[in-house]
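Everything below concerns the one structure shown next.
The values are calculated or read from the model by the stated rules, or taken from the named source; none is laboratory data. From a predicted model like this one, the values you see are computed outputs, not experimental measurements. For neighbour counting, all protein chains shown are included, and Cβ atoms are generated from backbone atoms with ideal geometry for every residue, glycine included.
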Amino acid sequence: MSIISFIENEEVMRRILEHLGLWLVKRKPQPRANAPLVQIHLDYSDSQIPSFENNVHKDPDYPIETYAP
């Protein structure tokens, strides 16, 4: 790809961009770097996944303390 010409006349540039609907294009808003943090709350009350306590195998003959150093 090579440049074959430049449009230097501002009036011509404006007319072309107006014709394409690009002259008064609104800019995107600036990112909000200092926006307040969003608090996320996860409610697991309706979850079908069993809780951690239910996943632990509880063997009365071999309590977990037996395996812990």
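Listing for the model above:
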| item | result |
| --- | --- |
| Candidates Glu65, Glu11, filtered to the one that is of a type in the set (Asp, Glu), modelled with pLDDT of 80 or more, assigned to a helix (DSSP H, G or I) and out of contact with any strand residue (DSSP E or B) (no Cβ under 8 Å at 6 or more places or on another chain) | Glu11 |
| Flag for Glu53 being charged (D, E, K, R), out of contact with any Ser or Thr (no Cβ under 8 Å at 6 or more places or on another chain) and at pLDDT below 70 | yes |
